[in-house]
Amino acid sequence: MTPSSDSPPAAGSRPALRHDWTVAEIEAIYTAPLPDLVFRAQTVHRAHHRADEVQGCMLLSIKTGGCPEDCAYCPQSAHYTTNVTRTDLASLDEVTDAATRARDQGATRFCMGAAWRDVPRGEEFDRVLDMVRVVRGLGMEACCTLGMLEQDQADALAAAGLSAYNHNLDTSPDFYGNIITTRTYDDRLTTLTRVRQAGITVCSGGIIGMGEDRGVRYRMLRQLASLDPHPESVPINMLVRVEGTPLSDAGAEDPLEMVRTIATARILMPASFVRLSAGRLSLTDEAQALCFLAGANSVFLGDRLLTTPNPGATHDERLFDRLGMRLTVNAPAPAAAHVGG
Ligand code: SF4
């Protein structure tokens, strides 16, 4: 990266990261007048990141549908009738082709998502390990989201070179049972601990627009920011309402709530990559610009995210061009995502 006026200051001049934010502090940040909130978030952002760069990630579903979990937002759940077509685990050749295309389109991170509750053992897991090696061999960061992991599986993924593991907390502990009943919040936290233990960076975030109130968002953000270290990557998703899922008729969320959630995440977790993830198609270009001003510095590229639509490459190129922003050229050190599992 060429140093410029946009280069973040040396680490020594930055305030220490905090893991003890209170809900009252988070509420005060989240509900500040929007100009104050965005100004504060942008100030924090510039102390840690370049203001004109966005990390581009590409997400591929390597095993689609038929998931035994019942996440109320997810069309891949076997509990709901949706238009998702189940597929078996992709071949190594298919992933190699997709990863090569992603790299050629400017992605520096390649994320692979499989709709499993628990990561299987045997040939399928060995194939995933080979996929990780292929992506790393192409010079990109490799991220997986495969469901719950045992420690030996996390260790094997680390040994294969996995850069990041996505495992979203989705929402606050108290609201979790409204969205998912087939696993507990503690199950999530246990997998995150194992990922950390293996030395893989953590990608974990949440979803807004699922019928939660602002208090749920404060408590979700507090939970994420209480992780020590913070997740290197924090995807913030706007619910994509998919026909056949229990949340298909949830009310539309105000895009400015997305801006507030991103800005608050940026302030609480200054060094993390905050990813403007699912739901970008429901945001205007201007709302997306506000999200970048609020500190979002990572997006998914390509016209699909696992099973839901996403802006295509041409639209994103034009958007970044209009904003005078650009995709990060080299894979950065930290972490990734998946809209759930
Ligand atoms: S979000 Fe992940 S874990 Fe939940 S149903 Fe979908 S694929 Fe399964």
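What the table below lists for this structure:
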| item | result |
| --- | --- |
| Charge dipole (the chain, unit charges on Cβ, about Cα centre) - positive-most of MET112, LEU157, GLY56 | GLY56 |
| DSSP beta bridge pairing in the chain, given as percent antiparallel to the nearest 5 | 5 |
| Check: the chain dipole with +1 on Lys, Arg Cβ and -1 on Asp, Glu Cβ, in debye | 640 |
| Fraction of the pair-distance distribution of region 79-208 above 22 Å, Cα-Cα pairs, percent | 40 |
| Region 31-184, accessible surface, carbon-and-sulfur percent (1.4 angstrom probe) | 50 |
| Interatomic Cα distance distribution for the chain, bins of 10 angstrom, percent | 6, 28, 38, 24, 5, 0 |
| Heavy-atom accessible area per residue - region 189-304, 1.4 Å, Å² | 30 |
| Solvent-accessible heavy-atom area per residue, rounded to whole Å², over region 78-183 at 1.4 Å | 41 |
| Per the chain, cysteines lacking a partner by the 4.7 Å Cβ criterion | CYS57, CYS67, CYS144, CYS203, CYS291 |
| Mean ellipticity per residue at 222 nm, deg cm²/dmol - from DSSP H runs of n ≥ 4 across the chain, formula -39500 (n - 2.57) | -11000 deg cm²/dmol |
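The values are calculated or read from the model by the stated rules, or taken from the named source; none is laboratory data. This is a predicted model, so every value here is computed, not measured. Here the Cβ is made from the backbone with ideal geometry for all residues, glycine too, and neighbour counts use every protein chain on show. Only protein heavy atoms, including side chains, enter the accessible area calculation; ligands, DNA and RNA are left aside. Shrake-Rupley method; radii C 1.70, N 1.55, O 1.52, S 1.80 Å.
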